[in-house]
1. Tally up the residues in the stretch 91-111 that are without any contact (Cβ under 8 Å) to a residue 60 or more places away in the chain and either closer than 21 Å to residue 7 by Cβ or in a helix (DSSP H, G or I) (or both), please.
2. Of the residues in the stretch 1-39, how many are of a type in the set (S, T, N, Q) and under 20 Å from the mean Cα position of the chain (by Cα)?
3. Looking at the stretch 50-90 only, could you name the residues that are among the β-branched types (Val, Ile, Thr), at pLDDT below 90 and within 18 Å of residue 5 (Cβ to Cβ)?
4. Output the number of residues of the stretch 1-38 satisfying the condition of being part of a loop (DSSP other than H, G, I, E, B) and either in contact (Cβ under 8 Å) with a residue 12 or more places away in the chain or under 20 Å from residue 116 (Cβ atoms) (or both).
5. Please pick out the residue among 103, 45 that is under 21 Å from residue 32 (Cβ atoms), among the hydrophobic types (A, V, I, L, M, F, W, C) and at pLDDT 95 or above.
Amino acid sequence: MNLSMLVAGFLIVTLGTAHSVLGELLIFRHLRRKELVQTMSVPPLKEQHIGILWATWHLVTVLAWAFGSILFGLALPVQEGTLHVLVKNAASIAFSSSSFLVLIGTKGKHLGWIILLAIALLVWLG
């Protein structure tokens with residue numbers, strides 16, 4: 001077992017989680033009106049800007065978790081091909097989750113969710 005990769009994986013998953021939790025507590029809860037995605041505009045930002053900021057804020061966490069899972073995989077002795085499957089699954093899940101965040105955060109108005117979903121599907125099919 002590669003202890004350095006294991007600790008690095010743990011640290012990045014912890015960092016990603018802390019990023020989302022602290023962002024919700026310190027930033028986004030002040031912009032929310034009882035909805036999951038905030039709708040209060042804060043000049044000079046409009047409602048749609050706040051939605052994409054919320055989505056991209058949490059994208060960092062999703063991608064950190066994906067990288068963490070890859071580092072966990074690198075920490076363990078694996079058979080040939082297993083790491084390929086792990087990376088493929090981590091990327092596909094990360095991009096589909098990112099697509100969902102952008103879709104929800106912008107109510108479908110930011111077309112980035114379509115591209116992120118296409119990437120997830122292509123990786124999954126590849």
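1. Looking only at that region, the number is 14.
2. Taking the stretch 1-39 and keeping what is of a type in the set (S, T, N, Q), we get 2, 4, 14, 17, 20, 38-39.
Still in the list and also under 20 Å from the mean Cα position of the chain (by Cα): 14, 17, 20, 38.
Count: 4.
3. 78, 82
4. Looking only at the stretch 1-38, we keep the residues that are part of a loop (DSSP other than H, G, I, E, B), and these are 1-2, 27, 32-38.
Checking which are either in contact (Cβ under 8 Å) with a residue 12 or more places away in the chain or under 20 Å from residue 116 (Cβ atoms) (or both) leaves us with 1-2, 27, 36-38.
Counting residues in the stretch 1-38 that are part of a loop (DSSP other than H, G, I, E, B) and either in contact (Cβ under 8 Å) with a residue 12 or more places away in the chain or under 20 Å from residue 116 (Cβ atoms) (or both) gives 6.
5. Details: 45 fails: at pLDDT 95 or above.
The conditions single out 103.
The values are calculated or read from the model by the stated rules, or taken from the named source; none is laboratory data. Since the structure is predicted, the reported quantities are computational estimates derived from the model, not experimental observations. Cβ coordinates were reconstructed from backbone atoms using ideal geometry, including for glycine residues, and neighbour counts include every protein chain displayed.
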